[in-house]
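Written out below as structure tokens is the structure these notes cover.
The values are calculated or read from the model by the stated rules, or taken from the named source; none is laboratory data. Quick caveat, the model's predicted, so the values are computed rather than measured. Here the Cβ is made from the backbone with ideal geometry for all residues, glycine too, and neighbour counts use every protein chain on show. Note: areas computed on protein heavy atoms with side chains; ligands, DNA, RNA excluded. Shrake-Rupley method; radii C 1.70, N 1.55, O 1.52, S 1.80 Å.
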Amino acid sequence: DEASSVPAAQKSGWGQFLKSLASFSGDLSGLTAPPFILSPTSLSEFPSYWGEPKDLFAAIADGATPEERQLRVTRWFLATLSGQFTRREKETGSEKKPLNPFLGEQFLGEWDNGDLVLTVEQVSHHPPITAYRLENKKKGIVWEGNCAQKTSFSARQISVKQVGHGLLKLKLADGSTETYLVTLPQLKIEGLWTGRPYVDLTDVSYIQGSHGLTTTVKYSGAGWISGSSHRHTTTITSGLNGPKLYEITGTWTGESKFAKHSKDKKEGEVFLDADEHVERERVSVKPVEAQNEFESRRAWKAVADGIRSGDYDAASTAKGALENSERQKRKDEQAAGAPFQLRLFDHVPNDPEYAQLAALLKFKPETEDSWRLKPSAGR
Ligand code: CLR
């Protein structure tokens, strides 16, 4: 038996948590988890992972041809994955349960003194949906998307389906715009029984360019053929089932190389070294004192401080207060007949821009809704 990572005093709590999972469907945010598995970070901060490989993001604009740009969007996408899915576990020994953002919660950040700007707003609480926009104005690149999670529990693992999509828009030198639709991988959370949850990816994600090129990233974990986890096989084709231009294989936590039959690239040529050679930088955020009242780290400060210092009673009191006040706000709004208004994003139901690219993927989307930054948001 593997050694358990559950602190002795929380063993029975962890057992109960696992039991409650087994009989649960819906979103995990509602489940009460034992303290050792709580993270002091809100989910509204997670879109910052998209901006961390900031130089690869900026470099998308420097691709001279549609093929070169498709490769660059693919490289940036793959380079974000280790931050999104393995770093928390690496740093703290296990995946943890993030704080569930309240409606209208914001996360505002930047890199390089404002050359790259991130804006996040929680646009729905039930179900939880987060909208975000990452923009490099100088380079003419906007990455705008939304994400929600559908969870199910089976045998020994949690499966998390990411619902949502992102659109990357690139202003070209001739004034035209190129758009890329990016779909998101599915997650498995393993290691539950030993109290050391970690994430691996399954299924596929696509990057569909408006110029017609398609990237397909197939994820595979540790299997009996290959011992290592976090593997992917990525192809770039002309159209979903069209001729193959490039094939790239490797791990999204380490090295990826071009495989045989890659157009103008040599077999074995390194495509990306996600471990060593990608410069990643954490987002910069204003100090809490200078944040507005809806900003994540300010609103959750007492809860996060309690979790960090191990004062779980203080954390849970503060969390209860925040949740009650949110509930009261919704009641008041209802009573006044003035429903909550988003402050930063506009809801775009059945987004035609998204539908057009999704059609190229013969993709049956769970939702076609998008959210766009309001021009008045001042970001
Ligand atoms: C959120 C969107 C990001 C990518 C991402 C990474 C990790 C995911 C997270 C998303 C959603 C919430 C998540 C988390 C891993 C664990 C956590 C699924 C998809 C769940 C809610 C926590 C489960 C609790 C056990 C670990 C006890 O771009």
remark   = Rounded to the nearest 5, the percent of DSSP beta bridges in the chain running antiparallel is 95
Kirkwood hydrodynamic radius of region 65-181, Cα pairs, Å = 16.5
key: Given charges at beta-carbon only (K, R positive; D, E negative), |dipole| of region 2-73 in Debye   = 400
note = Cross-link reach from Lys139 to aspartates and glutamates, straight Cα distance under 19 Å and at least 8 residues apart if same chain, gives Glu52, Asp55, Asp62, Glu67, Glu68, Glu110, Asp112, Asp115, Asp174, Glu178, Glu279, Glu281
ask   = In Å², what does the accessible area per residue of region 1-106 work out to with a 1.4 Å probe?
value = 39
key: Kirkwood hydrodynamic radius (C-alpha pairs) into Stokes-Einstein, region 1-147, 20 °C and 1.002 mPa s, D in µm²/s   = 122
remark   = One checks the Cα atoms of the chain and finds Rg and Dmax, in Å, of 21.1, 66
key: Calculated log₁₀ intensity ratio I(q)/I(0) where the Debye formula runs over C-alpha points of region 1-67, q = 0.16, 0.19 Å⁻¹   = -0.75, -0.88
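For Cα pairs less than 8 Å apart in space and 6+ apart in sequence, what is the mean separation divided by the residue count of region 339-379, i.e. the relative contact order in percent?
55
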ask   = Which three extents, in whole angstrom, do the alpha-carbon atoms of region 116-170 cover along their principal axes, largest first?
value = 49, 21, 14
remark   = From DSSP H assignment alone, runs of 4+ in the chain each adding -39500 (n - 2.57), the sum over residues rounded to the nearest 500 puts [θ] at 222 nm at -7500 deg cm²/dmol
ask   = Taking amide hydrogens as modeled 1.01 Å from N in the peptide plane, which residues meet the under 5 Å criterion relative to Phe345, leaving out close sequence neighbours?
value = Lys374
ask   = Stretched out fully, how many nm does the piece from Lys11 to Val270 gain, at 0.36 nm a residue minus the Cα gap?
value = 88.7 nm
request  = Would you please put 39-46, 87-94 in order of how densely packed they are, using the mean number of other Cβ atoms within 10 angstrom per residue and starting with the highest?
outcome  = 39-46, 87-94
query = To the nearest 10 degrees, how steep is helix 11-22 against the longest Cα principal axis of the chain, on a 0 to 90 scale?
reply = 60
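Restricting to DSSP loop positions (anything but H, G, I, E, B) with no more than 14 other Cβ atoms inside 10 Å of their own Cβ, which trypsin sites (Lys or Arg not before Pro) remain in region 95-197? Please report the intermediate quantities before stating the final value.
Working: sites: Lys96, Arg133, Lys137, Lys138, Lys139, Lys150, Arg156, Lys161, Lys169, Lys171, Lys188; in loops: Lys96, Lys137, Lys138, Lys139, Arg156.
The qualifying sites are Lys137, Lys138, Arg156.
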query = How big is the accessible area of His261 in square angstrom, nearest 10, if you roll a 1.4 angstrom probe over the protein chains?
reply = 150
request  = With 5 Å bins from zero, work out the P(r) of region 272-342 over every alpha carbon pair and list the percent per bin.
outcome  = 3, 14, 13, 15, 15, 12, 11, 8, 4, 2, 1, 0
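On alpha-carbon atoms, Rg over Rh for region 314-375 using Kirkwood Rh?
Reported Rg/Rh, Kirkwood definition of Rh: 1.20.
Any chance you could list the semi-axes, whole Å, largest first, of the equivalent ellipsoid that the Cα gyration tensor gives for region 119-242, using √(5λ)?
31, 21, 11
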inquiry  = List the lysines whose Cα sits under 30 Å from the Cα of Lys138, skipping any in the same chain fewer than 8 residues away.
reply    = Lys54, Lys169, Lys171, Lys265, Lys286, Lys374
remark   = Taking Cα pairs closer than 8 Å and at least 6 residues apart, the relative contact order of the chain in percent is 15
request  = List the lysines whose Cα lies under 28 Å from the Cα of Lys19, skipping any in the same chain that are fewer than 8 positions away.
outcome  = Lys11, Lys90, Lys96, Lys97, Lys150, Lys161, Lys188, Lys319
query = If each of Glu333 and Gln356 carries a label point 7 Å out from its Cα toward its Cβ, how far apart are those two points in nm?
reply = 3.2
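Per the Kirkwood definition applied to all pairs of different Cα atoms, how many angstroms is the hydrodynamic radius of region 195-244?
12.3
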key: Hull volume in cubic angstrom per residue (convex hull over the Cα atoms of region 263-312)   = 187
ask   = Mind checking Rg over Rh on region 221-373, alpha carbons, Kirkwood formula for Rh?
value = 1.12
